[in-house]
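J.: Could you have a look at this structure, given as structure tokens, before my questions?
The values are calculated or read from the model by the stated rules, or taken from the named source; none is laboratory data. None of the values given here were measured: they were computed from a predicted structure. Cβ sites come from the backbone with ideal geometry, for glycine too, and all protein chains shown count toward neighbours.
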Amino acid sequence: MTSLIELMKEDSPLYPTADHSKQGWLFLAGVMIGCTICVPVFVMGADLAHQLPYAQFVMAAMLGGFLAAIIAMLTGIVGQKTGLPTAMIAKIAFGSKGFILANLAMAISSIGWFGIQTNVFAKAFVELSEQVWGVHLNYILVAICAGLIMSTTAIIGFRGLGKLSYVAVPLLILILAIPLYSYFQDGKLIGIGSIINENKISMGAMIAMVGGAYSFAATMPDVTRFMRRISTTAVGIIANFVLAYPLLLILTGSVALAAGQSDYMQIMLGLGFGFLAILVLFLATWTTNDTNVYTGALSVNLFLPRIPRWQIAVAVGVFGTIFAVMGIFEHFTSWLIFSGNVFAPMAGVYVVDFWLNKSRYQNYCDTIPQFRYPQLMAWLGGLVIGILTTTHTNMGLEQLTLTTVPMIDAMLSAAAIQIFLHVMADKPKSITG
């Protein structure tokens, strides 16, 4: 029991990660690829493949992954250089009280997405179990068991995230490739390039959509704080965003085109791989959900610094599971998407603030003011732009169209405002008289 408690302990999120906890690029790549392989990405790949001609879809997926890599690199390097998680970086950037809104948004979003993913998994698991084994399972029981199991690795901490990814990711890649191979063998895969799809969206819009859909990029410091060097951070990010992410979109999109339908689980069932479909569903949800719990626990830990992180992770997992059972997040998705507009501009500000004020992130223990007003103004400006470019269905005003992805609009606008305010503050005042 003592050894288990020791395993669950890790460096405090209030201080830089210790050297003995530093990891190599494989850790970062494994954790991030585990987040990437999830049901929403399956759905996204299948849907996007029908939006453009196949060659343009493939190019858009690759360029979108490159765009996501740039965003992740900018935020991730801040985590690697400071050794601090996103919530602590936000506290330094915005002030000891100024960061509270962003931290609450991150915590609620993490718990919310955990609840949604668990809810989706439980419903799909019940449906697949009936189709594959002819067994009708109780949804509530499945949701509770799934939520508790998926919380375990996050409760252990970064070591748990890494160990799960090392086992689950190679297995998931192998299983996901099986339908692709099946359709290649029967010749259906060869003809997908000749399928004529209408240009329902522009290629530029799809690139922005792929690049901006990866909301975890804004909280990359939570994982990259464990990286030894910038080079290992870069390799891990490239492995996920430039390779794994676009390839997964292309794989699921290609299979959907070959099968003539977009439900990946049903495609596997149709090929006779019922058990594998269930295994993919479980592992894909787990490798994403443990990161939700871990990120949520880090955010809450800043409010409750005296409580060990692993105990907070337990509470986050329990609350997320309860909400999944209640089904509350079925009607909460729009708010959670909107919340991305809250912490996306936060990321834009803290990246710029770090590079303009590096010393602030080295000697911060007793020097954090309650509010940093220029940073808060830049954050608010980015938030306003995000709201103006967000659709009505996702709690926005839908008054502007910039990159077509509100999260990117908000992040870039906040960064630009922060740079402008910094330049104006440093500009010498003219002497008159």
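J.: Within segment 89-102, track down each residue that is buried (at least 24 other Cβ atoms within 10 Å of the Cβ) and at pLDDT below 90.
T.: PHE99, ALA102
J.: For segment 341-392, give me the residue count where each residue is among the charged types (D, E, K, R), modelled with pLDDT of 90 or more and in a loop (DSSP other than H, G, I, E, B).
T.: So the answer is 1.
J.: Evaluate segment 131-154: report whether one residue or more is at pLDDT below 85 and of a type in the set (Gly, Ala, Ser).
T.: Taking every residue of segment 131-154 in turn, at least one turns out to be at pLDDT below 85 and of a type in the set (Gly, Ala, Ser).
J.: Which residue is farthest from PRO369 (Cα to Cα), if the candidates are limited to segment 92-109 and must be part of a loop (DSSP other than H, G, I, E, B) and not small (Gly, Ala, Ser)? Steps first, answer last, please.
T.: Within segment 92-109, the subset part of a loop (DSSP other than H, G, I, E, B) is 95-99.
Now restrict to residues that are not small (Gly, Ala, Ser): 97, 99.
Details: LYS97: 8, PHE99: 11 Å.
Of everything passing the filter in segment 92-109, PHE99 is farthest from PRO369 (Cα to Cα).
J.: Same structure again: Sort out which residues of segment 182-221 are at pLDDT 80 or above, in a loop (DSSP other than H, G, I, E, B) and buried (at least 21 other Cβ atoms within 10 Å of the Cβ), and write them in order of number.
T.: MET220
J.: Now for a different question. Could you list, in sequence order, all residues of segment 130-154 that are more than 20 Å from CYS38 (Cβ to Cβ) and either within 21 Å of the chain's Cα centre (by Cα) or not aromatic (Phe, Trp, Tyr) (or both)?
T.: Result: GLU130, GLN131, VAL132, GLY134, VAL135, HIS136, LEU137, ASN138, ILE140, LEU141, ILE144.
J.: Of the residues ASN240, ASN292, only one is buried (at least 24 other Cβ atoms within 10 Å of the Cβ), modelled with pLDDT under 90 and within 14 Å of GLY34 (Cβ to Cβ); which? Break it down into steps so the answer makes sense when it comes.
T.: Numbers: ASN240 fails: modelled with pLDDT under 90.
The unique qualifying residue is ASN292.
J.: Related question: Determine which single condition LEU279 fails, assuming it passes every other condition in (1) farther than 17 Å from TYR166 by Cα; (2) surrounded by fewer than 24 Cβ atoms within 10 Å (Cβ to Cβ).
T.: Only one criterion is unmet by LEU279, namely (1).
J.: Count, please, the residues in segment 110-135 that happen to be more than 24 Å from ALA344 (Cβ to Cβ), hydrophobic (A, V, I, L, M, F, W, C) and assigned to a helix (DSSP H, G or I).
T.: Final tally of qualifying residues: 8.
J.: Do we have GLY270 as surrounded by 24 or more Cβ atoms within 10 Å (Cβ to Cβ), small (Gly, Ala, Ser) and either without any contact (Cβ under 8 Å) to a residue 60 or more places away in the chain or out of contact with any Pro (no Cβ under 9 Å at 6 or more places or on another chain) (or both) here? Give the derivation first.
T.: Working: surrounded by 24 or more Cβ atoms within 10 Å (Cβ to Cβ): no; small (Gly, Ala, Ser): yes; either without any contact (Cβ under 8 Å) to a residue 60 or more places away in the chain or out of contact with any Pro (no Cβ under 9 Å at 6 or more places or on another chain) (or both): yes.
Considered against the rule, which asks whether it is surrounded by 24 or more Cβ atoms within 10 Å (Cβ to Cβ), small (Gly, Ala, Ser) and either without any contact (Cβ under 8 Å) to a residue 60 or more places away in the chain or out of contact with any Pro (no Cβ under 9 Å at 6 or more places or on another chain) (or both), GLY270 comes out as no.
J.: Same structure, new question: For segment 9-27: of the residues being hydrophobic (A, V, I, L, M, F, W, C) and surrounded by fewer than 18 Cβ atoms within 10 Å (Cβ to Cβ), which is modelled with the highest pLDDT?
T.: Narrowing segment 9-27 to residues hydrophobic (A, V, I, L, M, F, W, C): 14, 18, 25-27.
So of that shortlist, the ones also surrounded by fewer than 18 Cβ atoms within 10 Å (Cβ to Cβ) come out as 14, 18, 26.
Values: LEU14: 71, ALA18: 85, LEU26: 90.
In this case the residue turns out to be LEU26.
J.: Moving on to the next point. Being touching a helix residue (DSSP H, G or I) at 6+ places or on another chain (Cβ under 9 Å), free of Cβ contacts under 8 Å to residues at least 24 places away in the same chain and of a type in the set (A, V, I, L, M, F, W, C) narrows it down to one residue among ILE175, ILE190; which is it? Steps first, answer last, please.
T.: Numbers: ILE175 fails: free of Cβ contacts under 8 Å to residues at least 24 places away in the same chain.
Of the residues listed, the single one that is touching a helix residue (DSSP H, G or I) at 6+ places or on another chain (Cβ under 9 Å), free of Cβ contacts under 8 Å to residues at least 24 places away in the same chain and of a type in the set (A, V, I, L, M, F, W, C) is ILE190.
J.: Between residues in segment 412-433 that are aliphatic (A, V, I, L, M) and surrounded by 10 or more Cβ atoms within 10 Å (Cβ to Cβ) and residues that are at pLDDT 85 or above and not in a helix (DSSP H, G or I), which pairs lie under 9 Å by C-beta distance while being six or more apart or on different chains?
T.: Once the first residue is aliphatic (A, V, I, L, M) and surrounded by 10 or more Cβ atoms within 10 Å (Cβ to Cβ) and sits in segment 412-433, its partners that are at pLDDT 85 or above and not in a helix (DSSP H, G or I) give LEU412/LEU402.
J.: Now for a different question. When you scan segment 121-144, do you find a residue that is among the polar types (S, T, N, Q) and within 30 Å of PHE226 (Cβ to Cβ), even just one? Steps first, answer last, please.
T.: Residues of segment 121-144 that are among the polar types (S, T, N, Q), as a first pass: 129, 131, 138.
Then keep just the ones that are within 30 Å of PHE226 (Cβ to Cβ); that gives none.
No, segment 121-144 contains no residue that is among the polar types (S, T, N, Q) and within 30 Å of PHE226 (Cβ to Cβ).
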